[in-house]
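Enquirer: Could you have a look at this structure, given as structure tokens, before my questions?
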Amino acid sequence: MKIKLSKAFRFTTLLICISTTTAQEITLNVDMKNSIAKIQPTMYGIFFEDINFAADGGLYAEMIKNRSFEFEDPKMGWTEPNSEKYYMNTKSGFAHVTRYSGVNTNRNYVSIKVEDEQGYSLINEGFRGMGIKKGAHYNMSLYAAIGEGNISKIKIAFIDADGKDLGNTSISIRGSNWKKYDTVLTPTITEAKAKLSITFQGTGTVNLDMVSLFPEDTWKGRKYGMRKDLVKLLDDLDPGFLRFPGGCIVEGRTLAQRYQWKKTVGPLADRELLINRWNTEFAHRPAPDYFQSFGLGFFEYFQLAEDMEAEPLPILGCGIACQFNTGELVPLEDLDPYVQDALDLIEFANGDIDTPWGQVRNEMGHPEPFNMKYIGIGNEQWGSVYIERYKVFEKAIKAKYPNMIIVSGSGPAAEGDYFEYGWKELKKLNAEIVDEHFYSSPEWFRENAARYDTYDRNGPKVFAGEYAAQSVAITSPDNKNNWECALSEAAFMTGLERNADVVHLTSYAPLMAHSEGWQWTPDMIWFDNLESYGTPNYYVQKMFGTHRGTDVLSIQENGKPLTGQHDLYASATKDTDSREVLIKLVNTSDKDQTLNIDFKGQKLADSGRGLVLRANNLEEVNSFEFPKKISPQPSEVALRKNKTKVVLPAYTFMIIKAKME
Ligand code: AHR
């Protein structure tokens, strides 16, 4: 009896325990001679959005929240435990936020008055605490200017919840002009919830701004850089592209809150802070302290893509605010500045250093172009308002940069009126790549493994730009990154791969989530301030991404691809560089299944290797405690005369690799 996963899900443990090998054996034929399609190097990539504290509080390694006092409540993130004495008239000191005179993107600084040098301290709470490691080095910097009085030293210390000192240092300060000071802090213990305290020697006033703290050990050791563990997880995926900066964050809830890339480049202190549109999007997961400092801005995204040898794929707003929110529209006749942003971005990425925007890139330390080839126009827009605006962008971009590949969008859903309309119109325009998004049940993913088999081979190519199986329902806070979701995505991905002539780019979404600061679940990678781990979905992505191959091969049972018959799914590729054949097999049933695989057209070595991803039950997840509970395990695969017999365990994703002689 065929048991649907959704039912099995309810009594999974029992079903797993009684799983047995079926008597029926299935024969699959692999044609290694004929390449059905080339697989694009961009086939498996990364979708990055600053949601769930993915940038500030996450990938961007800054540990001070509201470092420049620019939040709507300029003291958010900061406390003054001893200033209440001030209100009781036994003053020890206090801080107030002051505006710079004149127009400035960095509008505020904090002015501190110390009345009793024993008492006053200013404390930053970090992003749900600060994760510090014993003996590691942390680079601290701040700008200071002294007012009246005799303040000459600032003591900086990591403290715990009780105020206990966990490692300190001090900075001597001089002069009434703004100056930058740097020092290094070394914690005496490892602590996940540390805070940073700043106290003063002397009394009087002192002004502070851009109070910043980074681990020294960042990705590639860059100052003001990114969290090494998180970038490593991304790099290990061997991504073909990096899409940034989102997602709905591109659009903003209103046009004023849209992502404007020009405000995210240049000196850090001049990047204008913006509210994060996920800040209060979901009443069930409010994050009023979520802002974008843009320390991780467009230059850093391009640099990250370059580090990972991934194609940069920026997505720009097209003059429509998020249609789930205000849907605010820029009238067509006022669209020029938005279009100019797109043209200038191409110049920023690729232009000579004597062009205005190429020069900005050069000043940031990257004279060579980033060789950007793709640009996305609009995220999840729909209706005629999108098509009208897309046309304007397309015309202007192609006129100036005819080789730039433009990614357009088909709206927020995988089917329905908006989707149909978007595709119909984009086809008429000969659009090059159309972005599709699907957040659906695990069943949907299993049932849609043949989705692209019937797509028009002569139409636009597909970017499956955001997808993830939802264990409960879209935007439900109860969704889990469980094995049923990951396994169903693997089944679906065999369909993406079989159709690599149509599907040119794919990415799971969202990418990352802080375990205490998230708004949206499921997510591919979870982290706190000290640790991070990949979910089962991460390992599915990694297995596909690191075994993509160069050519799609036919793998069939009785002349048909496996798209769910016997609850089995399969795709095959070969890699003409490493001279390997790569078979991906997914068994979503509760029974072990025996497969005879017959490789034709090319002699293979007599032994192969396997990589197996499976779990003991469908509800299983990875966690901080057991980060690799579900992770790929190697196995041996015997081959004889170009044939092999494998028993594919229940609920398993497996890759078989064999060398072509
Ligand atoms: O990935 C989360 C959100 O889902 C993205 O911002 C948006 O594009 C989609 O609706």
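Enquirer: Give me the pairs, please: first residue somewhere in the range 378-402 and of a type in the set (Phe, Trp, Tyr), second residue anywhere and outside any helix (DSSP H, G or I) and more than 16 Å from the ligand (Cβ to nearest atom), beta-carbon distance under 9 Å, and either six or more positions apart or on two chains.
Expert: Tyr390/Ile406; Tyr390/Leu429; Tyr390/Ala431; Phe393/Gly319; Phe393/Leu335; Phe393/Ile375; Phe393/Ile406; Tyr401/Ile375
Enquirer: Something else: How many residues are within 16 Å of the ligand (Cβ to nearest atom) and part of a strand (DSSP E or B) if we restrict to the range 400-414? Walk me through how you get there before you give the answer.
Expert: Initially, the range 400-414 is screened for residues within 16 Å of the ligand (Cβ to nearest atom), giving 407-414.
Okay, now just the ones that are also part of a strand (DSSP E or B), so 407-409.
Qualifying residue count, the range 400-414: 3.
Enquirer: Looking at (1) among the hydroxyl-bearing types (Ser, Thr, Tyr); (2) part of a strand (DSSP E or B); (3) within 15 Å of the chain's Cα centre (by Cα), find the lone condition where Ser212 falls short.
Expert: (3)
Enquirer: Oh, and also: Is it fair to say Glu447 is away from the ligand (no atom under 16 Å from the Cβ), closer than 19 Å to Asn617 by Cα, surrounded by fewer than 17 Cβ atoms within 10 Å (Cβ to Cβ) and in contact (Cβ under 8 Å) with a residue 40 or more places away in the chain?
Expert: Details: away from the ligand (no atom under 16 Å from the Cβ): yes; closer than 19 Å to Asn617 by Cα: no; surrounded by fewer than 17 Cβ atoms within 10 Å (Cβ to Cβ): yes; in contact (Cβ under 8 Å) with a residue 40 or more places away in the chain: yes.
No, not satisfied.
Enquirer: If we keep just the residues of the range 26-54 that are assigned to a strand (DSSP E or B) and within 16 Å of the ligand (Cβ to nearest atom), which is nearest to Gln260 (Cα to Cα)? If you could, list the steps in order and put the result at the bottom.
Expert: In the first step, residues of the range 26-54 are kept if they are assigned to a strand (DSSP E or B); the result is 26-31, 37-38, 44, 46-47.
From the residues that got through so far, the ones that are within 16 Å of the ligand (Cβ to nearest atom) too are 46-47.
Numbers: Ile46: 21, Phe47: 18 Å.
Checked the range 26-54; the qualifying residue nearest to Gln260 (Cα to Cα) is Phe47.
Enquirer: Pairs only if they're at least six apart or on different chains, beta carbon under 9 angstrom, first in the range 497-521 and among the basic types (Lys, Arg), second away from the ligand (no atom under 15 Å from the Cβ) and open to solvent by 30 Å² or more (accessible area, probe 1.4 Å); list them, first residue then second.
Expert: These pairs meet every condition: Arg498/Ile36; Arg498/Ala450; Arg498/Asp453; Arg498/Pro561; Arg498/Thr563.
Enquirer: Further question: Can you pull out every residue in the range 474-486 that is farther than 17 Å from Pro627 by Cβ and part of a loop (DSSP other than H, G, I, E, B)?
Expert: Step one: filter the range 474-486 for residues farther than 17 Å from Pro627 by Cβ, giving 474-479, 484-485.
Answer for the range 474-486, where residues must be farther than 17 Å from Pro627 by Cβ and part of a loop (DSSP other than H, G, I, E, B): Ile474, Thr475, Ser476, Pro477, Asp478, Asn479.
Enquirer: Please go through (1) at positive phi; (2) not in a loop (DSSP other than H, G, I, E, B) for Gly549 and return the number of the only condition it doesn't satisfy.
Expert: So Gly549 meets the others, but not (2).
Enquirer: Can you name the residue in the range 455-473 that is outside any loop (DSSP other than H, G, I, E, B) and in contact with a Cys (Cβ under 8 Å, 6 or more places away or on another chain) and is also nearest to the ligand (Cβ to nearest atom) among such residues?
Expert: Residue satisfying both the conditions and the ranking: Ala468.
Enquirer: Would you mind stating whether Phe71 is part of a loop (DSSP other than H, G, I, E, B), more than 16 Å from the ligand (Cβ to nearest atom) and open to solvent by less than 60 Å² (accessible area, probe 1.4 Å)?
Expert: In short, yes.
Enquirer: Mind checking which pairs have a first residue in the range 167-180 that is surrounded by 15 or more Cβ atoms within 10 Å (Cβ to Cβ) and a second that is in a loop (DSSP other than H, G, I, E, B) and not basic (Lys, Arg), Cβ under 6 Å, 6 or more apart or different chains?
Expert: Gly167/Thr186; Gly167/Pro187; Gly167/Thr188
Enquirer: Quick test for you: out of Asp238, Asp229, pick the one residue that is of a type in the set (Asp, Glu), open to solvent by 20 Å² or more (accessible area, probe 1.4 Å), modelled with pLDDT of 95 or more and touching a strand residue (DSSP E or B) at 6+ places or on another chain (Cβ under 7 Å).
Expert: Asp229
Enquirer: Looking only at the range 248-265, count how many residues are of a type outside the set (D, E, K, R) and either surrounded by fewer than 21 Cβ atoms within 10 Å (Cβ to Cβ) or more than 12 Å from the ligand (Cβ to nearest atom) (or both).
Expert: Keep residues of the range 248-265 that are of a type outside the set (D, E, K, R), which gives 248-250, 252, 254-257, 259-261, 264-265.
Going one step further and asking which of them are either surrounded by fewer than 21 Cβ atoms within 10 Å (Cβ to Cβ) or more than 12 Å from the ligand (Cβ to nearest atom) (or both), we end up with 254-257, 260-261, 264-265.
Count: 8.
Enquirer: Just the residues that are within 12 Å of the ligand (Cβ to nearest atom) and of a type in the set (A, V, I, L, M, F, W, C), please, taken from the range 415-444.
Expert: Of all residues in the range 415-444, those within 12 Å of the ligand (Cβ to nearest atom) come to 435-439.
Listed by number, the list holds a single entry, Phe438.
Enquirer: Identify all residues within the range 267-306 that are assigned to a helix (DSSP H, G or I), in contact with a helix residue (DSSP H, G or I) (Cβ under 7 Å, 6 or more places away or on another chain) and open to solvent by 30 Å² or more (accessible area, probe 1.4 Å); write none if there are none.
Expert: none
Enquirer: Is it true that some residue in the range 534-549 is farther than 20 Å from Leu613 by Cα and not small (Gly, Ala, Ser)?
Expert: The answer is no, given that none of the residues of the range 534-549 is farther than 20 Å from Leu613 by Cα and not small (Gly, Ala, Ser).
Enquirer: Could I ask something else about it? Which condition breaks for Ile64 when tested against (1) modelled with pLDDT of 95 or more; (2) open to solvent by 10 Å² or more (accessible area, probe 1.4 Å)?
Expert: (2)
Enquirer: Follow-up question, since we're still on this one. From the list Asp229, Asp217, Asp209, which one is acidic (Asp, Glu) and within 22 Å of Asn66 (Cβ to Cβ)?
Expert: Criteria check complete, one pass: Asp209.
Enquirer: Right, next: Among residues belonging to the range 617-661 that are part of a loop (DSSP other than H, G, I, E, B) and closer than 13 Å to Ala605 by Cα, point out the one that is most open to solvent (accessible area, probe 1.4 Å).
Expert: Lys641
Enquirer: Please state which one of Ala491, Ala513 is over 21 Å from Thr563 (Cβ atoms) and buried (at least 24 other Cβ atoms within 10 Å of the Cβ).
Expert: Answer to the check: Ala513.
The values are calculated or read from the model by the stated rules, or taken from the named source; none is laboratory data. As the structure is a computational prediction, the values presented were derived from the model and not from experiment. Cβ: placed from backbone, ideal geometry, glycine included. Neighbour counts: every protein chain shown. Protein only, heavy atoms only, side chains kept; ligands, DNA and RNA dropped before computing areas. Shrake-Rupley method; radii C 1.70, N 1.55, O 1.52, S 1.80 Å.
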